[in-house]
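Inspection log for the structure reproduced underneath, given as structure tokens.
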Ligand SMILES: [Zn+2]
Ligand SMILES: [Zn+2]
């Protein structure tokens, strides 16, 4: 009702093509939606979720066989490229939070393909590096994690996971240095909420997975049973 009134006074434009947004409460039109680089439902690494062109079964990628990540499974909604990349950047840095429901649709779809949702006990947002939170005044992962938890009928607990150090920027570092750089930068403040549980960590972008793996390692030492990671987008090497 409120959305319908708002739409009549202030028509929503599609974030991608600038035309009319034809889906209620959403900011990407159905034509553009078809063209976004969603990750495939099949043909992904069974651990990290890396998609491989032309493969239609699950496999274990070389990275995961050489260096098993501490998380049990990861999934991403989009490839971090083109228009998807700009939208995720906008959400991260320019506070374009009106995209929340569109993003949550995509996260939800990716999660339902890769995870057993009823088995999730708790949803945790990835904590942002402190200096970024001050810059932006909010944590974009909190917004997504809360919205998803509500859709899944699960509890979202911000503040269970915390940053205890500021790593250098990961951009430009190779995989080995990324793993070194993030070591010891997470802490679990309230282990009682993760002990023996299946935990779903929500983050915006996965690059090599080093940060998510370090975070999962900390959750496991705090007693988490399984750690599943869900990101809005991931970089996919070609
Ligand atoms: Zn459009
Ligand atoms: Zn993998």
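The values are calculated or read from the model by the stated rules, or taken from the named source; none is laboratory data. Here the structure is a predicted model, which means the values were calculated and not measured. Cβ coordinates were reconstructed from backbone atoms using ideal geometry, including for glycine residues, and neighbour counts include every protein chain displayed.
Has region 72-79 got any residue that is at pLDDT 95 or above, in a loop (DSSP other than H, G, I, E, B) and either within 20 Å of the chain's Cα centre (by Cα) or within 16 Å of ligand 1 (Cβ to nearest atom) (or both)?
Yes; the residues of region 72-79 include at least one that is at pLDDT 95 or above, in a loop (DSSP other than H, G, I, E, B) and either within 20 Å of the chain's Cα centre (by Cα) or within 16 Å of ligand 1 (Cβ to nearest atom) (or both).
Taking region 80-102 on its own, how many of its residues are away from ligand 1 (no atom under 16 Å from the Cβ), within 21 Å of residue 201 (Cβ to Cβ) and surrounded by 16 or more Cβ atoms within 10 Å (Cβ to Cβ)?
The number of residues fulfilling the criteria is 5.
Would you pick out the residues in region 179-217 that are surrounded by 21 or more Cβ atoms within 10 Å (Cβ to Cβ), in contact with a strand residue (DSSP E or B) (Cβ under 9 Å, 6 or more places away or on another chain) and assigned to a helix (DSSP H, G or I)?
Once the filter is applied, which keeps residues that are surrounded by 21 or more Cβ atoms within 10 Å (Cβ to Cβ), in contact with a strand residue (DSSP E or B) (Cβ under 9 Å, 6 or more places away or on another chain) and assigned to a helix (DSSP H, G or I), region 179-217 yields 211, 212, 213, 214, 215, 216.
Against the condition under 20 Å from residue 82 (Cβ atoms) and away from ligand 2 (no atom under 15 Å from the Cβ), how does residue 19 come out, does it pass?
It is true that residue 19 is under 20 Å from residue 82 (Cβ atoms) and away from ligand 2 (no atom under 15 Å from the Cβ).
Among the numbered criteria (1) within 17 Å of the chain's Cα centre (by Cα); (2) more than 16 Å from ligand 2 (Cβ to nearest atom); (3) within 26 Å of residue 146 (Cβ to Cβ); (4) at pLDDT 90 or above, which one does residue 97 miss?
(4)
List pairs: first in region 45-63 and without any contact (Cβ under 8 Å) to a residue 12 or more places away in the chain, second more than 16 Å from ligand 1 (Cβ to nearest atom), Cβ under 7 Å, 6+ apart or cross-chain?
52/43
Is it true that some residue in region 155-168 is modelled with pLDDT of 90 or more, surrounded by fewer than 22 Cβ atoms within 10 Å (Cβ to Cβ) and assigned to a helix (DSSP H, G or I)?
no
Assigned to a loop (DSSP other than H, G, I, E, B), under 27 Å from residue 222 (Cβ atoms) and within 15 Å of ligand 2 (Cβ to nearest atom): is that true of residue 48 in this structure?
yes
Among the listed residues 33, 55, identify the single one that is farther than 16 Å from residue 230 by Cα and either in a strand (DSSP E or B) or away from ligand 1 (no atom under 16 Å from the Cβ) (or both).
Of the residues listed, the single one that is farther than 16 Å from residue 230 by Cα and either in a strand (DSSP E or B) or away from ligand 1 (no atom under 16 Å from the Cβ) (or both) is 55.
List pairs: first in region 89-102 and free of Cβ contacts under 8 Å to residues at least 24 places away in the same chain, second surrounded by 16 or more Cβ atoms within 10 Å (Cβ to Cβ) and in a helix (DSSP H, G or I), Cβ under 6 Å, 6+ apart or cross-chain?
That search, which allows pairs on different chains as well, returns nothing.
For region 20-31, enumerate the residues that are touching a helix residue (DSSP H, G or I) at 6+ places or on another chain (Cβ under 8 Å) and on the phi < 0 side of the Ramachandran plot.
22, 23, 24, 26, 27, 28
Out of everything in region 110-121 that is in contact (Cβ under 8 Å) with a residue 40 or more places away in the chain and more than 15 Å from residue 203 (Cβ to Cβ), what residue ends up being surrounded by the most Cβ atoms within 10 Å (Cβ to Cβ)?
Of everything passing the filter in region 110-121, 120 is surrounded by the most Cβ atoms within 10 Å (Cβ to Cβ).
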